[in-house]
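Engineer: The structure's right below; bear with me while I get my questions together.
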Amino acid sequence: MSKRIALALAALLAVSACGSNGSGDTAGGATAGGATANPYKLLQPGIVRTGTLTDAPPNVFLKDGKFTGFDNDLFSAVAAKAGLKVEFVGTDFSALLSQVATHKFDVGSSSITITEARKKTVAFTNGYDFGYFGLDVPSDSAIKSFDELKGKRVVVVQGTVQDDYATQQGLDPVRVPDYNGAVNQLKAGTADAWISPAEIGETSAKESDGAIVLAAKQLSPSPTAFAVAQDKPELLAALNKALDEVIADGTWKKLQDQYYPGRPIPADFKPGSAGAK
């Protein structure tokens, strides 16, 4: 081997050794040598592509071109604690869980109630909020309670726990893809009632110019959580850890006060790992 070739090989080996140094790994995935790690199996390393809704204030909604609301602001804080950025994308609730399961999204954020049936499709973080079922009706309606819905035309958003509840009660509900569709049914007089997430139903009533009222509400049976694909346990663990951190530093309480002022917290509800079963 000539001296020139030997020197060239030595230089190549030196460059290769420098590039293989993995000590620069970060949570987002970049390494000192320019390679990319992706410990959370994200669609794009360091960025959590998150499916959410555009029309469900105060929980999840679009305002001035920005995805916001209690759930989305909380998730942004959780992701930041985990060293990740968030990319929100609007979708319909009826498709959201399957889109998470099939990796169109890394996470679903939309006040998603944990149920045993849904656990067959996705994994859930620890619960971060409680919720109520609301009963929205036209302002001139005589309906005042959930037990007056038999024989009435009841609208629900497809795939929600309100849909499940209406079906279990034998109400044969009219299913729509989004919350605007439910509100429009009430305004048009084509539905007698809407079983809503109460916070969303209450906001919708306030914004209806007197056309709709929230007639009643009752506590939902399970907490809400963020949805993650079942084959991403590392991401799930990171989000649960970060969720506990935003609860501990006061962010969770601050967002509760911001989006649900005056709403009492049930005595037996504990967010994060404190409430995990």
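Engineer: With each pseudo-label sitting 7 Å past Cα toward Cβ, what's the Ser139-Arg153 distance in nm, one decimal?
Structural biologist: 2.1 nm
Engineer: Could you tell me the calculated FRET efficiency between Arg175 and Ala276, based on Cβ-Cβ distance and R0 = 30 angstrom, to the nearest 0.05?
Structural biologist: 0.40
Engineer: To the nearest 500 deg cm²/dmol, what mean residue ellipticity at 222 nm is calculated for the chain from DSSP H runs of n ≥ 4 alone, each contributing -39,500 (n - 2.57), summed and divided by the residues?
Structural biologist: Counting only the DSSP helices, I get -10000 deg cm²/dmol.
Engineer: Given Cα positions, please report Rg to Rh for segment 139-275, the hydrodynamic radius being the Kirkwood one.
Structural biologist: Over the Cα atoms of segment 139-275, Rg/Rh equals 1.03.
Engineer: Name the helices (complete DSSP H segments) of the chain with a Cα length along the long axis of 24 Å or more and a Kyte-Doolittle mean of at least -1.0, or state none.
Structural biologist: The answer, listed by residue number, is 3-19.
Engineer: Next question, about the same structure. Can you give the log10 of the normalised intensity I(q)/I(0) at q = 0.14, 0.16, 0.19, 0.21 Å⁻¹, computed with Debye over equal Cα scatterers of segment 73-139?
Structural biologist: -0.52, -0.67, -0.89, -1.05
Engineer: Where both residues lie in the chain, what percent of DSSP beta bridges are antiparallel, nearest 5?
Structural biologist: Counting only bridges with both partners in the chain, antiparallel ones make up about 65 percent.
Engineer: Quickly rank 175-186, 253-264 as a protection proxy: mean count of other C-beta atoms within 10 Å, highest first.
Structural biologist: Going from most to least packed, we get 175-186, 253-264.
Engineer: At 0.36 nm per residue, and after removing the present C-alpha to C-alpha distance, how many nm does the segment from Lys119 to Ala188 gain when stretched out fully?
Structural biologist: 21.2 nm
Engineer: Along Cα→Cβ, 7 Å out, is where each label goes; now give me the distance between the ones at Ala37 and Ser208 in nm to one decimal.
Structural biologist: Rounded to a tenth, the inter-label distance reads 5.3 nm.
Engineer: What's the longest uninterrupted piece of the chain once you rule out the GluC sites (Glu not before Pro) that are loop residues per DSSP with at most 13 other Cβ within 10 Å?
Structural biologist: 1-115
Engineer: If you don't mind, another one. If I ignore ligands, DNA and RNA and count only protein heavy atoms, how much of Lys241 is accessible to a 1.4 Å probe, in Å² to the nearest 10?
Structural biologist: 130 Å²
Engineer: Figure the gain on full extension for Ile47 and Asp164 (residue separation times 0.36 nm, minus the Cα-Cα span) and round it to one decimal in nm.
Structural biologist: Working: separation 117, 0.36 × 117 = 42.12 nm, distance 3.30 nm.
Once the chain is fully extended between Ile47 and Asp164, it gains 38.8 nm.
Engineer: Something else now. Among (1) 14.6; (2) 18.7; (3) 19.9, which one is mean projected area of the Cα convex hull in nm² computed from these coordinates?
Structural biologist: Working out mean projected area of the Cα convex hull in nm² from the coordinates points to (2).
Engineer: How large, in percent, is the carbon and sulfur part of the accessible surface of the chain at a probe radius of 1.4 Å?
Structural biologist: Looking at the chain in its full context, I get 53 percent from C and S.
Engineer: If you don't mind, another one. Under 20 °C and 1.002 mPa s, how fast does segment 151-216 diffuse according to Stokes-Einstein, given a Kirkwood radius computed over C-alpha pairs? Answer in µm²/s, whole number.
Structural biologist: So the translational diffusion coefficient is about 184 µm²/s.
Engineer: Let me ask you something else. How large is the accessible surface per residue of the chain, computed with a 1.4 Å probe and reported in Å² as a whole number?
Structural biologist: Ligands and nucleic acids excluded, the result is 48 Å² per residue.
Engineer: Also, I was wondering about something else. What residue among Leu96, Leu62, Leu53 has the largest mean-square fluctuation in a Gaussian network model of the chain, using Cα springs under 10 Å?
Structural biologist: Leu62
Engineer: Which of these, Ala267, Ala79, Ala211, has the largest mean-square fluctuation under a Gaussian network model of the chain (Cα springs below 10 Å)?
Structural biologist: Looking only at Ala267, Ala79, Ala211, the biggest GNM fluctuation is shown by Ala267.
Engineer: Which shape class applies to segment 28-124: rounded if a/c is under 1.5, otherwise prolate when a/b exceeds b/c and oblate if not, where a ≥ b ≥ c are the square roots of the Cα gyration tensor eigenvalues?
Structural biologist: oblate
Engineer: Kirkwood Rh, Cα Rg: Rg to Rh for segment 199-240? Walk me through the intermediate numbers first.
Structural biologist: On the way: Rg = 17.2 Å, Rh = 13.6 Å.
Rg/Rh for segment 199-240 comes to 1.27.
The values are calculated or read from the model by the stated rules, or taken from the named source; none is laboratory data. This is a predicted model, so every value here is computed, not measured. Glycine also receives a Cβ, built like all others from the backbone with ideal geometry; neighbour counts cover every protein chain displayed. Remember, those area values only see protein heavy atoms, side chains included, never the ligands or the DNA or RNA. Shrake-Rupley method; radii C 1.70, N 1.55, O 1.52, S 1.80 Å.
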